[in-house]
Amino acid sequence: MRYRFLLLLALPACSSLPFVPHREPDDARPPSSFVRSTADVRATRMIAVRDGLARPQALRIVTDALGERFVVEVTDPRAGFVMTAWQSSVVRDGVPDLRYRTRLIARFLGENWSTLQLRDEANWARGDEWDIGYDAAQLDTVSTLLL
């Protein structure tokens, strides 16, 4: 009984406090280049492959270009598929921010690999859940690099 009385006293005291909305500090937000989206179209760039380029040579060019900045984790020469490992691409106070991660997926399309599909994936951890999207700056940079 005594505990109920204390609880009843505490509740009116809390209601008299002014409302202050919660604002996350800047380091608790994803980078400005992160775009929340599940739309594949927005996170994908199509790049025309140069005529006359043999499949092994095309795959090597993409793998080497991605390998300069990223760790290439999966390569399938028969399917024309290259995927980088997830990486923490944001550094705060000299330490990688493990709440933000990105990776790239490149896939040759068409019977003769006439088009390269480049897709960017990015995740931002909010507690136990991941916000899904892409990194617009990274996608633009790598697309330009592969042109």
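For the range 79-99, the tally of residues that are among the aromatic types (Phe, Trp, Tyr) and open to solvent by less than 80 Å² (accessible area, probe 1.4 Å) stands at 1.
For the condition at pLDDT 95 or above and either touching a Pro at 6+ places or on another chain (Cβ under 8 Å) or in a loop (DSSP other than H, G, I, E, B) (or both), Leu17 does not qualify.
Scanning the range 124-147 for residues that are small (Gly, Ala, Ser) and not in a helix (DSSP H, G or I) returns Ala125, Gly127, Gly133. Selection of the range 52-92 for residues being of a type in the set (Asp, Glu) and free of Cβ contacts under 8 Å to residues at least 12 places away in the same chain yields Asp64, Glu68, Asp76.
Within the range 88-123, count every residue that is assigned to a loop (DSSP other than H, G, I, E, B), hydroxyl-bearing (Ser, Thr, Tyr) and farther than 15 Å from Arg45 by Cα.
2
Filter the range 127-145 for residues that are under 15 Å from Val90 (Cβ atoms) and without any contact (Cβ under 8 Å) to a residue 12 or more places away in the chain; which is least open to solvent (accessible area, probe 1.4 Å)? Ranking the candidates gives Thr141 first. Against the condition acidic (Asp, Glu), surrounded by fewer than 18 Cβ atoms within 10 Å (Cβ to Cβ), within 21 Å of Phe34 (Cβ to Cβ) and more than 11 Å from the chain's Cα centre (by Cα), how does Asp76 come out, does it pass? Answer is no for this residue. Here is the figure for the range 24-68: residues that are surrounded by fewer than 16 Cβ atoms within 10 Å (Cβ to Cβ), within 18 Å of the chain's Cα centre (by Cα) and among the β-branched types (Val, Ile, Thr) total 2.
The values are calculated or read from the model by the stated rules, or taken from the named source; none is laboratory data. Every value quoted in this text rests on a predicted model; they were computed, and no experiment measured them. As a convention, Cβ positions derive from the backbone with ideal geometry for all residues, glycine included, and neighbour counts pool all protein chains shown. Areas reflect the complete protein model, heavy atoms only, side chains present, ligands, DNA and RNA absent. Shrake-Rupley method; radii C 1.70, N 1.55, O 1.52, S 1.80 Å.
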